[in-house]
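Asker: Take a look at the following structure, please.
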Ligand code: SF4
């Protein structure tokens, strides 16, 4: 295990419910893929009328300051009004970001979305997606698809739309994190962010009962179900950090969001590194992340998560910042000691780890404190990862420990204790182009 990350040494991102870098939007619940563990029910009639989506945006405007709007779903690229919606969001002063599986991406669509004001694509690609044309592919095989998507965006947007990749990380793909970290570095010219979303498993035989308004509910109705008896282990953020450091030993995160019930849990952990496709020269420290968030808020009135690619490309413009920031000074010092890189382009790239909803041993759910993926829903703001509970039961489910353990549970292997939290049972993972997802445990 690499050095343990201590939240007290990092910058706690100032994102909160009323003022956040991003807000989630789901114009459709229809999708063209089946991702293992996706938290949204794929509804073939799931396209919302554009006016309804605009009303949802009015809720956002009324309740929350936001820099960007993450348009997700469902699959947003098959939403019939997607170009008009991006245009509308941009006209309201938000940065439109598309969270997509990329299946429906075409060069023509990239061009139209660029003209409509799109700022970033976040592609969700991983090996648990059952992609037509990509059967039984490993994470390494899928890098060919990632590269194809990144090149299409770079070429047809003329480098003006940022490109990020999400991958849900499962126990069987955890060891692929170093390969993905390497891959992201090799393509730093056109890949601006790499996000690892840690799989949250649903226990088929949990020791919890679910309740809504004091009434017991059948949580097996929720879409977050694993129909297998296997007890997948919950990966925690430190494990992903350890894997990133196998490929990039200097990885130093700078900002984080903690859990609503556990201040030491890294629900979002963000690092920004500086380098080129050949080597990295250093990462931002907590102070630098604080400077960026604070100054962005002072100048633009919002916190920031997605930067335009032109900024990620021009890391050399940070040279004057080296006078006041030690981590930036160190990166330029490392560059100065590497003459063969003096003329190479210098880039920024973000590495993010997301550890979705955890359920503590007493049934409390620890969500991301300052959740960026908040969704407007019936006039209020709710966690996008748990909206299925609202759809099925009209309210969020709370959990109580069962008096008696189910008899069959004795057959199951013991749960592994996560490294950094007393989390025992689980919530789900996102499988569908989302920046994050948690899910409610089954009872
Ligand atoms: S996992 Fe859930 S709580 Fe965390 S950021 Fe995503 S939607 Fe919000």
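The values are calculated or read from the model by the stated rules, or taken from the named source; none is laboratory data. In this text, all values refer to a predicted model and were calculated from it rather than measured experimentally. Neighbour counts run over all protein chains shown; Cβ positions are idealised from the backbone, glycine included.
Asker: Quick check: anything in region 322-337 away from the ligand (no atom under 16 Å from the Cβ), outside any helix (DSSP H, G or I), modelled with pLDDT of 95 or more and within 22 Å of residue 289 (Cα to Cα)?
Answerer: Looking for residues that are away from the ligand (no atom under 16 Å from the Cβ), outside any helix (DSSP H, G or I), modelled with pLDDT of 95 or more and within 22 Å of residue 289 (Cα to Cα), one finds at least one in region 322-337, hence yes.
Asker: When you scan region 293-312, how many residues do you find that are surrounded by 20 or more Cβ atoms within 10 Å (Cβ to Cβ) and in a helix (DSSP H, G or I)?
Answerer: Total meeting the criteria: 3.
Asker: Can you work out which of the residues in region 372-391 that are away from the ligand (no atom under 11 Å from the Cβ) and part of a loop (DSSP other than H, G, I, E, B) is surrounded by the most Cβ atoms within 10 Å (Cβ to Cβ)?
Answerer: Among residues in region 372-391 that are away from the ligand (no atom under 11 Å from the Cβ) and part of a loop (DSSP other than H, G, I, E, B), the one surrounded by the most Cβ atoms within 10 Å (Cβ to Cβ) is 379.
Asker: Which of (1) closer than 23 Å to residue 330 by Cα; (2) away from the ligand (no atom under 16 Å from the Cβ) does residue 256 not meet, given it meets every other one?
Answerer: Condition (2) is where residue 256 drops out.
Asker: Looking only at region 180-204, which residues are over 19 Å from the mean Cα position of the chain (by Cα) and assigned to a strand (DSSP E or B)?
Answerer: Those that are over 19 Å from the mean Cα position of the chain (by Cα) and assigned to a strand (DSSP E or B): none in region 180-204.
Asker: Residue 271: surrounded by 24 or more Cβ atoms within 10 Å (Cβ to Cβ), modelled with pLDDT of 95 or more and more than 25 Å from residue 383 (Cα to Cα), yes or no?
Answerer: no
Asker: Restricted to region 353-371, and to residues that are in a loop (DSSP other than H, G, I, E, B) and within 25 Å of residue 181 (Cα to Cα), which residue is farthest from the ligand (Cβ to nearest atom)?
Answerer: 355
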